[in-house]
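Heads up, the thing below is written out as structure tokens.
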Amino acid sequence: ININNNSSYMTGYSAAPNTNQSIYYGDNGIGNAVTQSYNTPTGSLASTTGNITGIYDMSGGSHECVAGYSKNIEEKSDFSDSELSTYSSYFDKYPDNSNIASYQNRILGDATGEMGPFYRYLDKDGGRRHHNAWYADYSYFIDSTVPWFRRGGDNVNGVLAGQFYFIRDTGSGGSNISSRLVLSPT
């Protein structure tokens with residue numbers, strides 16, 4: 001799945017073929033020379049099906065916050081105690097002793113532990129980062145200082161972004177953070 005490298009956070013875009021996405025900070029922007037929309041042959045390569053009918057923005061675009069956090073540190077987010085209590089059945093809660101490499105603390109089905117083994121190596125840009133075995137997407141588990149998960153990557157993440165990308169986050173909002181509705185059977 002091609003990265004959505006549209007710097008205006010427009011959904012349904014794909015990196016143009018001549019852009020460099022092999023490093024972190026990959027090329028991003030808004031012109032056709034850098035990013036192309038869903039209704040072009042290149043744009044549709046950013047969908048999950050590789051054609052115009054798929055789901056877009058699974059790689060790049062904006063980070064997506066997901067409902068997974070470390071317990072006992074709810075104050076890091078903008079949720080109140082009553083909101084967390086009301087909606088707690090929708091959240092995955094991880095042990096408060098988690099750290100950036102606590103992949104063993106995964107919750108079955110959360111798409112963190114399933115992507116192992118995990119490796120830490122030097123990237124082309126000189127940064128040493130954690131990657132998973134599924135397409136080498138960036139993978140950092142939550143910890144006590146950044147207890148929430150983000151998924152997918154951002155339009156500048158280049159080689160690090162992807163459908164299996166996950167990192168830790170404070171849980172606060174930002175211009176490069178969105179959310180994704182997920183429907184699952186009960």
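The values are calculated or read from the model by the stated rules, or taken from the named source; none is laboratory data. It should be emphasised that the depicted structure is a prediction, and the values quoted were computed from it without experimental measurement. A quick note on method: Cβ atoms are made from the backbone with ideal geometry, for glycine too, and the neighbour counts reach across all protein chains shown. The protein model used for the area step is the full one, side chains on, heavy atoms only, and it has no ligands, DNA or RNA in it. Shrake-Rupley method; radii C 1.70, N 1.55, O 1.52, S 1.80 Å.
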- Vicinal HN-Hα couplings computed from phi for the range 116-123 (Karplus, 6.51 cos²θ - 1.76 cosθ + 1.60; Hz; Gly/Pro x): x, x, 10, 10, 10, 8, 7, 7
- Note on the structure: Out of Tyr121, Tyr103, Tyr94, a Gaussian network model of the chain with alpha-carbon springs under 10 Å gives the largest mean-square fluctuation to Tyr121
- Rounded to a whole number, what % of the accessible area of the chain do carbon and sulfur atoms account for, probe 1.4 Å? 53
- Message: Tell me the relative contact order for the range 93-170 as a rounded percent, counting alpha carbon contacts under 8 Å between residues six or more apart.
- Response: 27
- Asserting the computed 222 nm helical MRE of the chain (DSSP H runs at least 4 long, -39500 (n - 2.57) per run, divided by residue count, to nearest 500) equals -1000 deg cm²/dmol
- In the chain the DSSP beta bridges are antiparallel at a rate, in percent to nearest 5, of 65
- Query: Tell me, what is the FRET efficiency for Tyr121 and Ser8 to the nearest 0.05, using R0 = 22 angstrom and their Cβ-Cβ distance as r?
  - Reply: 0.10
- Item | Contour minus Cα-Cα distance for Ile23 and Thr49 (0.36 nm per residue) | 6.9 nm
- Measuring from its Cα centre, the range 1-137 shows a charge dipole (+1 at each Lys and Arg Cβ, -1 at each Asp and Glu Cβ) which, in debye to the nearest 20, is 480
- Quick one: accessible area per residue over the chain, 1.4 Å probe, rounded to a whole number of Å²? 52
- With springs only between Cα atoms under 10 Å apart, run a GNM on the chain and tell me which of Arg128, Arg150, Arg168 wobbles the most. Arg128
- Based on the Cβ-Cβ distance of Asp81 and Ala101, what FRET efficiency does E = 1/(1 + (r/R0)^6) give at R0 = 30 Å, to the nearest 0.05? 0.55
- Task: Of the options Gly127, Phe164, Ala101, report the single residue whose Cα projects farthest towards the positive end of the charge dipole of the chain (beta-carbon charges: Lys, Arg +1; Asp, Glu -1).
- Result: Gly127
- Would you grab the residues whose amide H sits under 5 Å from the one on His130? Only those 5+ places off in sequence or on another chain, please, with H modelled 1.01 Å from N. Ser139
- Query: Just the Cα atoms of the chain: what Rg and Dmax do they give in Å?
  - Reply: 16.7, 50
- GNM result for the chain, Cα springs below 10 Å: residue of Asn20, Asn97, Asn155 fluctuating most strongly: Asn97
